[in-house]
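*Asks:* I have a structure I would like to understand better, so I am pasting it below and will then ask my questions one at a time.
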Amino acid sequence: MKPVSTSRTQIARRGLMLVISSPSGAGKSTIARTLLETDKQISLSVSVTTRQRRPSEIEDIHYHFKSVREFERMRDSDALLEWAEVHGNFYGTPREPVETAMADGRDMLFDIDWQGAQQLQEKMSADVVSVFILPPTMTELQSRLHRRAEDSEAVIQTRLANSRSEIEHWREYDYVIVNDDLNAAFEAVQSIVRAERLRRDRRHGMFYFVRGLLEEEPKL
Ligand code: ADP
Ligand code: 5GP
């Protein structure tokens, strides 16, 4: 561990893995996008998926879109840190970018489902901070899926049918937020990130800071 500057903002710490899950349409991608735009210390883990690209999505920004064969090749060569089948498609987290970010002490955001959250929790529990986003009502969830207007009616119906079993997993998360007012929900996530960055067990540089503090003789 390297000694660090005494500036409070520069005290070295471990990166955190912020996992956000929700039933489809509850608003996790919107919240995640706002966080990525406003907080330059955190970057998105871009997943691989076999689902079709939505009109608004950009290859390698929102997802790495793959064929089933390509996905299976990655999965079978241990290139994925976690993977799951969700709503009839495969999704997975590429291992290498996460391991590099963690080694460098950088924060990463994961927009993944409860199956992926469980796998990351098992493998990297010390680094994972998990947040579950709930819709205010099931009626509003349905409206949001329609308002997003990016999926076919059949896809929307599959996602709605799966939403109740996804919501059942809310207890497995560290934090739970009801996304009624978007701004309030975003601010709640921001508060979680701020507080988690200050946790003592993440701030290994604090050891050197405190040692320096105790060795210092007041000058006046
Ligand atoms: P998810 O990523 O959870 O599937 P999205 O972030 O794509 O959901 O949000 C689904 C739709 O709901 C989007 O059209 C988004 O703009 C809208 N939305 C998100 N949060 C709110 C909110 N608090 N109030 C109203 N609409 C919202
Ligand atoms: P969507 O198709 O709406 O982008 O995502 C559908 C679901 O798959 C969401 O719950 C999303 O969080 C989840 N998902 C996206 N990427 C991954 C991933 O890499 N791993 C897992 N386990 N779930 C993912």
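*Asks:* Helix-only estimate, please: 222 nm mean residue ellipticity of the chain, summing -39500 (n - 2.57) across DSSP H runs of length 4 or more and dividing by its residues, to the nearest 500.
*Replies:* Estimated from H runs of four or more residues: -12500 deg cm²/dmol.
*Asks:* Now for a different question. Report ³J(HN,Hα) in whole Hz for each residue of the range 163-178, in order, from the Karplus equation J = 6.51 cos²θ - 1.76 cosθ + 1.60 where θ = phi - 60°; Gly and Pro get x.
*Replies:* Whole-Hz 3J(HN,Hα) from phi for the range 163-178: 5, 5, 5, 5, 4, 4, 8, 4, 5, 7, 9, 5, 10, 10, 10, 8.
*Asks:* Then there's this: Determine the share of the range 162-220's accessible area contributed by carbon and sulfur atoms, expressed in whole percent, with a 1.4 angstrom probe. Please report the intermediate quantities before stating the final value.
*Replies:* Details: 2320 of 4370 Å².
Taking all protein chains in place, the range 162-220 shows 53 percent carbon and sulfur surface.
*Asks:* With +1 assigned to the C-beta of every Lys and Arg and -1 to the C-beta of every Asp and Glu, and no other charges, what is the dipole magnitude of the chain about the Cα centre in debye, to the nearest 20? Each step should come with its number before you reach the end.
*Replies:* Working: 31 positive and 35 negative charges, 103 e Å.
The calculated dipole for the chain is roughly 500 debye.
*Asks:* Summing +1 for each Lys or Arg and -1 for each Asp or Glu, what net charge is found among the other residues whose Cβ lies under 14 Å from the Cβ of M138? Before the final figure, lay out each step's value.
*Replies:* Working: positive: R144, R159, R164; negative: E140, E166, E168, D180.
The answer is -1.
*Asks:* While we're here: Among residues other than V193 whose Cβ falls under 15 Å from its Cβ, what is the net charge (Lys/Arg +1, Asp/Glu -1)? Let's see the in-between values first.
*Replies:* Working: positive: R13, R14, K28, R33, K40, R106, R194, R197, R199, R202, R203; negative: E37, D39, D107, D111, D127, D174, E187, E196.
Summing Lys/Arg as +1 and Asp/Glu as -1 gives +3.
*Asks:* Taking the alpha-carbon centroid of each part, what is the distance from the range 159-220 to the range 47-124 in angstrom?
*Replies:* Result: 23 Å between the Cα centres.
*Asks:* Report for the chain the percent antiparallel among DSSP-assigned beta bridges with both residues inside it, nearest 5.
*Replies:* Working: 8 of 28 bridges.
In the chain, DSSP labels about 30 percent of beta bridges as antiparallel.
*Asks:* Right, here's the next one. Rounded, prolate or oblate: which fits the range 35-141 when a ≥ b ≥ c are the square roots of the eigenvalues of the alpha-carbon gyration tensor, with rounded for a/c under 1.5 and prolate only if a/b beats b/c? Provide the component values of the computation, followed by the final result.
*Replies:* Details: a/c = 1.32, a/b = 1.00, b/c = 1.31.
The shape class here is rounded.
*Asks:* I need the shape label for the chain. Rule: rounded when a/c is under 1.5, else prolate if a/b > b/c, else oblate, with a, b, c from the alpha carbon gyration tensor.
*Replies:* Details: a/c = 2.50, a/b = 1.71, b/c = 1.46.
Because a/c hits 1.5 or more and a/b exceeds b/c, the chain counts as prolate.
*Asks:* A further question on this structure: Return the distance in nm (one decimal) between the two label points of a simple spin-label model at R75 and R106, each offset 7 Å from Cα along Cα→Cβ.
*Replies:* 2.8
*Asks:* OK, next. Can you find, among A184, S56, G88, the residue sitting farthest towards the positive end of the charge dipole of the chain, where Lys and Arg contribute +1 and Asp and Glu -1 at Cβ?
*Replies:* Checking the options against the dipole of the chain, the answer is A184.
*Asks:* Can you tell me the length gained on complete extension of the stretch E216 to E196, counting 0.36 nm per residue apart and subtracting the Cα distance? It would help to have the intermediate numbers written out before the result.
*Replies:* Values: separation 20, 0.36 × 20 = 7.20 nm, distance 2.86 nm.
Computed gain between E216 and E196 is 4.3 nm.
*Asks:* Hey, another quick one. For the chain, set up a GNM with springs between Cα atoms under 10 Å and report which of I133, I31, I11 has the largest fluctuation.
*Replies:* Comparing I133, I31, I11 in the GNM, the peak value goes to I11.
*Asks:* Also, quick follow-up: Collect residues whose amide H, placed 1.01 Å from N in the peptide plane, falls under 5 Å from the amide H of Y63; neighbours closer than 5 in sequence don't count.
*Replies:* Amide H neighbours of Y63, under 5 Å, 5+ apart: I58.
*Asks:* Does the range 104-194 come out rounded, prolate or oblate by the C-alpha gyration tensor, with a ≥ b ≥ c the root eigenvalues, rounded set by a/c under 1.5 and, if not, prolate when a/b is larger than b/c and oblate if not? Provide the component values of the computation, followed by the final result.
*Replies:* Working: a/c = 2.04, a/b = 1.53, b/c = 1.33.
Prolate is the answer for the range 104-194, as a/c is 1.5 or above and a/b outweighs b/c.
*Asks:* Turning to a different aspect of this structure: Find how much the distance from R164 to R147 grows on full extension, using 0.36 nm per residue of separation minus their present alpha carbon separation; answer in nm with one decimal. Mind showing how you got there, number by number?
*Replies:* Values: separation 17, 0.36 × 17 = 6.12 nm, distance 1.98 nm.
Gain on stretching R164 to R147: 4.1 nm.
*Asks:* Per residue, how much accessible surface does the chain expose to a 1.4 Å probe? Answer in Å², no decimals. The partial results should precede the final answer.
*Replies:* On the way: 12560 Å² over 220 residues.
Per residue, the chain has an accessible area of 57 Å².
*Asks:* What is the sum of charges around D107, taking Lys and Arg as +1, Asp and Glu as -1, for the other residues whose C-beta is under 12 Å from the C-beta of D107? Don't jump to the answer; show the numbers that get you there.
*Replies:* On the way: positive: R13, R14, K40, R106, R194, R197, R202; negative: D39, D104, D127, E196.
Once all neighbours under 12 Å are counted, the net charge is +3.
The values are calculated or read from the model by the stated rules, or taken from the named source; none is laboratory data. Keep in mind that what you see is a predicted model, and the values were worked out from it rather than measured. Here the Cβ is made from the backbone with ideal geometry for all residues, glycine too, and neighbour counts use every protein chain on show. Ligands, DNA and RNA are excluded from the accessible area calculation, which covers all protein heavy atoms including side chains. Shrake-Rupley method; radii C 1.70, N 1.55, O 1.52, S 1.80 Å.
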